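See below for the structure under consideration.
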Amino acid sequence: MIELIKEPWPWYIAGPLIALMMFLLLFFGKNFGLSSNLRTMCSIGGAGRFSEFFRFDWKSQIWNLILLSGVVLGGFIASEYMSSAAPMDLNSDIIIELQSLGIKNPGEQLLPEELFATDAIFSLRGMILLVGGGVLIGFGTRWAGGCTSGHAISGLSNLQLPSLIAVIGFFIGGITMTYFFLPIILSLK
Amino acid sequence: MRKIKFLFAGLLLGIIFTKSEVVSWYRIYEMFKFKSFHMFGIIGSAIITGIIIIQVIKKRRIKSINGTSILFTPKQITWKRYLFGGTIFGLGWAMTGACPGPIFTLVGNGYLSFLVVVFSALIGTFLYGYFIKKLPH
């Protein structure tokens, strides 16, 4: 049993579990949406002085910050006590493609060392991916009013057309980045 | 400490995100290249399960733990903010390989570089709030 938990979890376990977490939050009288925590943090940091958007009753969102601290802690527990040393089961075309883009051992760890190890912060491509990616995530999710949890899971589960438009946007952006810009960014050192 | 239940819910989410490899840049790369079913399976089965759950909540009028009705607020009917904002988020999702939950989970996984992503995401959120009146919604 312990060994089974240490293996990567298949999609048909993970997907329904995420939906059950959404149900649990609804049952607790809340909504599943993680990106709104970024707005709350800005408000706590005093962003209300610059924009009305951050002047709201952020204390009503404390539950979501507590949830978020659990999301960090869960990551720690999973990597510390529940991980296996086996490489990821990636698509073989993708492995060859990424090697040609300069990633030596695709799938050996959860993330490519070359892009996301701590010292990559000080490389040009690391900086672009971490800072550029972060800013786009923060700006885009708030403009769209939600991220994968709020739109793709909660919104589509409630058959919301706006969420479908947002998810189509996620893929327009993601495909554009992956096909056209990532090869250029990865070629930088 | 009635709020402790949210800590446990978050903890489970962090474990699910890590063990299902949703936090992996590789899985997001594969998804946007349509080379693996994994991510589509996760999101798809979550939505199908979610649709069933929400239909049951509505039909059976299931109440929340506080005894109040579970209400669903419909999203405002417009398209610009969803399409443009969604596209901007998609660009960032493909760069970091992580969405707003997983950027925090990865910090817990020990990837300290994601502290830079979290901080940058806060700047991005701030910029949205600052320019909100100039953006189409």
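Quick note: the coordinates plus some simple rules give every number you see, no bench work behind them. This one's a predicted model, so the numbers in the text were calculated from it and none came from an experiment. Cβ coordinates were reconstructed from backbone atoms using ideal geometry, including for glycine residues, and neighbour counts include every protein chain displayed.
Beta carbons within 10 angstrom, averaged per residue: use that to sort the peptides B:99-106, A:87-94, A:60-67, B:114-121, highest first.
Numbers: B:99-106: 29.4, A:87-94: 14.8, A:60-67: 18.0, B:114-121: 23.6.
By packing density, highest mean first, the sequence is B:99-106, B:114-121, A:60-67, A:87-94.
How would you rank A:Arg142, B:Arg60, going from fewest to most other Cβ atoms within 10 Å of each one's own Cβ? Going from sparsest to densest Cβ surroundings: B:Arg60, A:Arg142.
May I ask you to list the lysines whose Cα is less than 20 Å away from that of B:Lys133, ignoring any residue fewer than eight positions away on the same chain? Partners within reach: B:Lys75, B:Lys80. The C-alpha atoms of chain A define a longest principal axis, and helix A:133-144 lies at about 40 degrees to it. Using the alpha-carbon atoms, what tilt in degrees (0 to 90, nearest 10) does helix A:161-176 show relative to the longest principal axis of chain A? The two axes meet at around 30 degrees.
Of A:Lys59/B:Lys134; A:Lys30/A:Lys59; A:Lys59/B:Lys58; B:Lys3/B:Lys58; A:Lys6/B:Lys19, which pairs sit farther than 18 Å apart, going by alpha carbon to alpha carbon? Mind dumping the intermediate values first?
Numbers: A:Lys59/B:Lys134 28 Å; A:Lys30/A:Lys59 14 Å; A:Lys59/B:Lys58 29 Å; B:Lys3/B:Lys58 26 Å; A:Lys6/B:Lys19 8 Å.
Result: A:Lys59/B:Lys134; A:Lys59/B:Lys58; B:Lys3/B:Lys58 exceed 18 Å.
Peptide A:86-96 is shielded by partner chain Cβ atoms: per residue, an average of 4 of them sit within 10 Å of its Cβ.
Kyte-Doolittle mean at least 1.6 and Cα extent at least 20 Å along the axis: which DSSP H helices of chain B qualify? Please report the intermediate quantities before stating the final value.
Numbers: long enough: B:4-19 (23 Å, 1.85); B:38-60 (33 Å, 1.28); B:80-96 (24 Å, 0.46); B:114-131 (25 Å, 2.03).
The answer, listed by residue number, is B:4-19, B:114-131.
Modelled spin-label separation between B:Lys35 and B:Met1, with each label point placed 7 Å from Cα along the Cα-to-Cβ direction: 4.7 nm.
With a ≥ b ≥ c taken as the square roots of the eigenvalues of the C-alpha gyration tensor of the stretch B:1-125, please select rounded if a/c is under 1.5 and otherwise prolate if a/b is larger than b/c or oblate if it is not? Before the final figure, lay out each step's value.
Details: a/c = 1.59, a/b = 1.37, b/c = 1.16.
Prolate is the answer for the stretch B:1-125, as a/c is 1.5 or above and a/b outweighs b/c.
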